[in-house]
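Heads up, the thing below is written out as structure tokens.
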Amino acid sequence: MYKKVELNGDEVLERGEVIGQVVHKFNGGVEVKVKGKPGLRFAFYGTTDRKGNFYQYCKNRNCGPHCISSKKPSCRNNEQYTKNGGLYINI
């Protein structure tokens, strides 16, 4: 299940509580060491729909109104879904 998190420097917060540390930042997300969990997890920038399904934001460099992905939830310019946008991690 994907949960919305925030970054505070190198700390990863869920509802204001520290749940892990940032290991590495990359284009489109971050690599996270979650407290009490083995291995590393990835957090991605994206959004969720009403059912709670996660959609990672598109990395298309031709973003704009004529893009074929502009009607999809993964488009960061699709105003129907952007209010839920943020950094999400699968815990």
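Here, each number is a calculation from the coordinates, and none is a lab measurement. Quantities reported herein were computed from a predicted structural model and do not represent experimental measurements. Counting neighbours? That spans all protein chains shown, and the Cβs are built from the backbone with ideal geometry, glycine included.
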Neighbour-count order for Lys51, Lys33, fewest beta carbons within 10 angstrom listed first: Lys51, Lys33
³J(HN,Hα), Karplus 6.51/-1.76/1.60, whole Hz, each residue of region 36-42, x for Gly, Pro: x, 10, x, x, 10, 10, 10
Amide H contacts of Tyr81 (H built 1.01 Å from N, under 5 Å, at least 5 apart or other chain): none
Under Karplus coefficients 6.51, -1.76 and 1.60, residue-wise ³J(HN,Hα) of region 67-75 in Hz, glycine/proline x: 5, 5, 9, 5, 9, 8, x, 6, 7
Nonlocal amide H pairs with Val23, under 5 Å, H built at 1.01 Å: Glu31, Val32, Lys33
Total lysine pairs under 14 Å (Cα atoms) in region 2-90, excluding pairs fewer than 8 apart on one chain: 4
Size of charge dipole - the chain - debye, nearest 20, with Cβ of Lys, Arg +1 and Asp, Glu -1, no other charges: 320 debye
Sequence-separation-based contact order of region 2-90, relative, with Cα cut under 8 Å and 6+ spacing, percent: 28 percent
